[in-house]
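Some notes on the structure that comes next.
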There are 2 protein chains.
Amino acid sequence: MNVYKRYERVSAMLKILSDNPNTLYNLNYFMNMFNTAKSTASEDVEIINSVIEKFGFGKIITVSGAGGGIKYIPINSLYNYRSFVKEVCKSLEDKSRIIPGGFLYTTDLIYSPNIATKIGELLSFPFQEKSVDFVVTVETKGIPIALMCARALNVPLIIIRKDSKVTEGSSVSINYVSGSQKQIRSMSLSRRSLKRYSKVVLIDDFMKAGGTIKGMMELMEEFDAEVVGIGVMISTAMPMVKLISDYISLFILKEMDEYNGIIKMEISDWLK
Amino acid sequence: MNVYKRYERVSAMLKILSDNPNTLYNLNYFMNMFNTAKSTASEDVEIINSVIEKFGFGKIITVSGAGGGIKYIPINSLYNYRSFVKEVCKSLEDKSRIIPGGFLYTTDLIYSPNIATKIGELLSFPFQEKSVDFVVTVETKGIPIALMCARALNVPLIIIRKDSKVTEGSSVSINYVSGSQKQIRSMSLSRRSLKRYSKVVLIDDFMKAGGTIKGMMELMEEFDAEVVGIGVMISTAMPMVKLISDYISLFILKEMDEYNGIIKMEISDWLK
């Protein structure tokens, strides 16, 4: 029978918890893994709690009762994300990001695993207590941050397609009007990918007038899903009146002046 | 000045290393964080090494010299992935995955963050030592596993689009012939997303004849990129002769009999 030292047990436990955010671990799991008594395992959890708190790694939630245990929440306060948020905001203001036509180049940021992880964690933060069943995004650019948000919430990701793909079976399609360009578009989701009456969070990388998110909401209705939250990485200040209300964004694009090469980006109030 | 106990230092270090795979940390970083002498920090690293080894968490690589340090590799041996690989293989043989037209439904697996993480780590394994600059995939279904592969290798992800999107600036497009369906298709990649002379790994979820991967390779040529590895989650046994050679896959689809509801999936030899 293996006997482990405290620092071995504690560091292994923290790694397992951290690799599996929002996943409930019964204390027995660790008692069996390390051959410890319940009292020792409880002490170990206390220590992990204090380490997580000291270093701002998130938090541990204890669920009591027979089916209880502990789970790790990667983001506890926004404090530790402040310098990250500032850095990303500054990077987003780099005028070389302006793409002819008035678009903003962001894929170098949102396709970077480290950045996508933190963006996803930030987007998960307001929805941690909402009993989310699925994170839903629409292809393509929002997928990495949506996946990392789903990882933080420990739920599967669902990707809405812009055209129905034969390889995913029967699907539900809707048409929607893109808010800013007033074009008719369609999106579709495979029937079997989303259980009826699920609670979903909608995630996207960019929102202007909100037409795409509104389309996603309509599609969710077809599945009798309840949208418990909407999060986008960047929303634009204009138009002020969006097609949807009740969303969170991390950054607000106040101004983009293509001709003079000026981007003004702000951090959303709730992140400050 | 804060003084930390060994179990606090060691568990915090392991969490930081584990959250940032393949990222080089100079010992000074931890010495400053924990206010320790070099000898103590070195001992802590030794302990982390032993914990990682005991629990099969991967490995620590020590890079010597002035610019040296330690980095964490999430996958060291395939041993710890065996039960996972068997479970996924079994799940892939579930006949309810057969989609009319002879397609295989896999998005419930590959869009699940936990599973995508492990698949991505497995796909990174053969390319750990190849000095990879970017992981490249083509939208849409392969994105989650490609992102997690990029995370394991600590490199950015690049997503090739199936039509050129105005929002990413000037792009390079190619036409290619889908290997199994003999249709002309196109894919494109924004000029600025991939630096010339980069070393890339191509990742996709599914490969039949290899037409898509071949298209990706041609597109990489346009960027003077060197393809140092190709990895797919599932390849098909038929056609035996593919349009590309020199790829790795995790699973091989030996047979799918739509009418009798039979799927035969095998684990690739290198994973056994």
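Read-outs: derived from the displayed coordinates by stated rules, not from any lab. Quick caveat: nothing in here was measured; it's all calculated off a predicted structure. Positions of Cβ are backbone-derived with ideal geometry, glycine not excepted, and every protein chain shown enters the neighbour counts.
Determine whether A:Ile244 is touching a helix residue (DSSP H, G or I) at 6+ places or on another chain (Cβ under 9 Å), surrounded by 21 or more Cβ atoms within 10 Å (Cβ to Cβ) and without any contact (Cβ under 8 Å) to a residue 40 or more places away in the chain. No: the conditions fail for A:Ile244. Checking each residue of the stretch A:23-30 against the condition of being within 14 Å of another protein chain (Cβ to nearest Cβ) and either part of a helix (DSSP H, G or I) or within 20 Å of A:Asp205 (Cα to Cα) (or both) gives at least one match.
Consider the stretch B:56-67 and keep the residues that are within 22 Å of the chain's Cα centre (by Cα) and not in a strand (DSSP E or B). The one that is surrounded by the most Cβ atoms within 10 Å (Cβ to Cβ) is B:Phe57.
Could you please let me know if B:Ser50 is out of contact with any Leu (no Cβ under 9 Å at 6 or more places or on another chain) and small (Gly, Ala, Ser)? Yes. A:Gly231 fulfils the conditions (1) buried (at least 20 other Cβ atoms within 10 Å of the Cβ); (2) out of contact with any Leu (no Cβ under 7 Å at 6 or more places or on another chain) except for a single criterion, (2). The condition of being within 22 Å of the chain's Cα centre (by Cα) and at negative phi holds for only one of B:Glu129, B:Glu168, that being B:Glu129. Summed over the stretch A:31-52, the residues that are more than 9 Å from chain B (Cβ to nearest Cβ) and either more than 30 Å from the chain's Cα centre (by Cα) or free of Cβ contacts under 8 Å to residues at least 12 places away in the same chain (or both) give a count of 14. When residues in the stretch A:1-22 are screened for being more than 8 Å from every other protein chain (Cβ to nearest Cβ) and among the β-branched types (Val, Ile, Thr), 2 of them pass. Of the strands (runs of 3 or more DSSP E) entirely within the stretch B:193-272, those holding at least 1 residues that are of a type outside the set (Lys, Arg) and either within 30 Å of A:Ile98 (Cβ to Cβ) or in contact with a Ser or Thr (Cβ under 8 Å, 6 or more places away or on another chain) (or both) occupy B:199-207, B:226-236, B:248-257.
From the list B:Ser173, B:Ser198, B:Ser190, B:Ser186, the one residue that fits, being surrounded by fewer than 23 Cβ atoms within 10 Å (Cβ to Cβ) and under 20 Å from the mean Cα position of the chain (by Cα), is B:Ser198.
Among the residues of the stretch A:130-184, which ones are among the acidic types (Asp, Glu), within 20 Å of B:Arg161 (Cβ to Cβ) and more than 9 Å from every other protein chain (Cβ to nearest Cβ)? Across the stretch A:130-184, the qualifying residue is only A:Asp163.
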